[in-house]
1. Cα centroids of region 1-51 and region 71-127: how far apart, whole angstrom?
2. Say the dipole of region 78-159 comes from +1 at the beta carbon of Lys and Arg and -1 at that of Asp and Glu; which of S102, Q91, G159 then lies farthest toward its positive end?
3. Go through F42, F33 and list them by solvent-accessible area, largest first, probe radius 1.4 Å.
4. Could you list log10 I(q)/I(0) for region 1-98 at q = 0.19, 0.22, 0.23, 0.24 Å⁻¹, which the Debye formula gives when each Cα is one point scatterer?
5. Using the Cα gyration tensor of region 77-143, with a ≥ b ≥ c the square roots of its eigenvalues, what is the shape: rounded (a/c below 1.5), prolate (a/b larger than b/c) or oblate (neither)?
6. Using a ≥ b ≥ c from the Cα gyration tensor of region 16-159 (square roots of the eigenvalues), is it rounded, prolate or oblate, where a/c under 1.5 gives rounded and otherwise the larger of a/b and b/c decides, a/b for prolate?
7. Using Cα pairs closer than 8 Å and at least 6 residues apart in sequence, work out the relative contact order for region 120-159, in percent.
8. Show the residues, 5+ positions off or on another chain, whose built amide H is closer than 5 Å to the amide H of Y132.
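The values are calculated or read from the model by the stated rules, or taken from the named source; none is laboratory data. A quick note: this is a predicted structure, and the numbers were derived from the prediction, not measured. Heads up, the Cβs are rebuilt from the backbone with ideal geometry, glycines too, and the neighbour counts pull from every protein chain shown. With ligands, DNA and RNA removed, areas are computed over all heavy atoms of the protein, side chains included. Shrake-Rupley method; radii C 1.70, N 1.55, O 1.52, S 1.80 Å.
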Amino acid sequence: IVLEMAIEYPDVEIEHMLVDTCAMHLIRQPSRFDVIVTENTFGDIITDETSVMSGSMGMLPSASLNMQGSSKRTVGMYEPIHGSAPDIAGQDKANPVGMILSLALMLRYSLNLDEEASAIEQAVEDVLAEGYRTLDIMEPNMKPMGTLGMGTAISGKIG
């Protein structure tokens, strides 16, 4: 399917790679990648691995997409890479950023609402730039927050 679609996007470079080679290159040179397309098992391993680069699994959104004909709308399943995190449910410990950014992906790819998706992404960026952190990404001199606080701070930035 990727090769079939590549005809429509001649400026996009496609490189086929074995998953172990991909994992090695992700660690050595993550900026080499823009988008990685893989099946679910390898995608799950790669996203867990790359979450360390962003600081936590709580930071990363994911989308499993399926194009429907020639429509610009995409059917998808959107979730943070950590799933529902049942081990910390109800404890105000989960980082909501991955879920919030998954919502932005849904707005962009399934609902064609790019402006709204960008507003959410900018709100996340702004809150992090102000030094707010959940415990999984806490650093010295930053402002600690729980799940609810982080979600509230981000929603308050969406214009």
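1. Between the Cα centres of region 1-51 and region 71-127 lies a distance of 21 Å.
2. Farthest along the dipole direction, towards plus: Q91.
3. Largest accessible area first, the list is F42, F33.
4. So the normalised log intensities are -1.08, -1.27, -1.32, -1.36.
5. Verdict is oblate for region 77-143.
6. Verdict is oblate for region 16-159.
7. Worked out over region 120-159, it gives 47 percent.
8. Correct list: K143.
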